[in-house]
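Working notes for the structure below.
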Amino acid sequence: YGPLEDRFSDKDRARIALYIDWKVSKALHDLIGDGAYNKRIPDDCMMASRAHLIGILMGLLATDGSVSYAAGTKAKKKAAKTITINTTSCLLKDGIQELCRRLGIRTGATPYRGIHSKVDCYAVTLSIVDVAAAAKKNPALFRIPMQSKQEALEKIILEVENSPAPQETDIVPFPSSMRGEFVTVGANTKFLTYYN
């Protein structure tokens, strides 16, 4: 039939439903978990190909994810960019972080509780620099089947690619009296800068 892009519009691709045999559906249900609080990424998926892992990530971004790009203003010249996946499942939070680690994408997870929420929620934030690097290696796979999120992702990637490379290290001066503290914990003092 040809590529999905040739057969369906962006709008139609976001609405495609897949109907499968009830036995397969039950097996998937058992692997993925029942209810939002018990959702997880099956262990077998973590052993799959890189393309499969990226596909899971794109699916999570399409459903429970937030990909936003807000252009800068006169006061704030830089655009606000975020790539986040929200979940109430601790198992899914851990799975997302492991999935991203396998793809070379750093993450951070922040617990929060909504105004009317009875359970803790987690916001897993993905490093936009790492996402842009992974997307550059696999441009055909980094496709979110929701037009607005895909457009925001493309803007984020483009801006990261066109920004000057960040410095490898930030220079932070320490008072010379702290040298002993760094030595005690085994830090390499060769690269530390002190002042009196």
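Between residue 82 and residue 36, the contour length at 0.36 nm per residue exceeds the alpha carbon distance by 14.3 nm. The solvent-accessible area of residue 127, taken with every protein chain present and a 1.4 Å probe, is close to 30 Å². Potential lengthening of the chain between residue 43 and residue 137 amounts to 31.4 nm, from the contour at 0.36 nm per residue minus the alpha-carbon distance.
Projected label points at residue 163 and residue 115, each 7 Å from Cα along the beta carbon direction, are separated by 3.2 nanometres. On the basis of the beta-carbon distance and an R0 of 45 Å, residue 22 and residue 66 show a calculated FRET efficiency of 0.85. Of the whole protein surface, residue 34 contributes about 100 Å² of accessible area at a 1.4 Å probe radius. Solvent-accessible surface (1.4 Å probe) assigned to residue 50 amounts to roughly 90 Å². Rounded to 0.05, the FRET efficiency of the residue 148 and residue 91 pair, given R0 = 30 Å and the Cβ-Cβ distance, is 0.60.
Which percent of the accessible heavy-atom area of the stretch 32-180 goes to carbon and sulfur, probe 1.4 angstrom? Of the solvent-accessible surface of the stretch 32-180, carbon and sulfur hold 57 percent.
The values are calculated or read from the model by the stated rules, or taken from the named source; none is laboratory data. Bear in mind the structure is a predicted one, so any value in this text is a computation, not a measurement. Positions of Cβ are generated from backbone atoms using ideal geometry, with glycine treated the same way; all protein chains shown enter the neighbour counts. The protein model used for the area step is the full one, side chains on, heavy atoms only, and it has no ligands, DNA or RNA in it. Shrake-Rupley method; radii C 1.70, N 1.55, O 1.52, S 1.80 Å.
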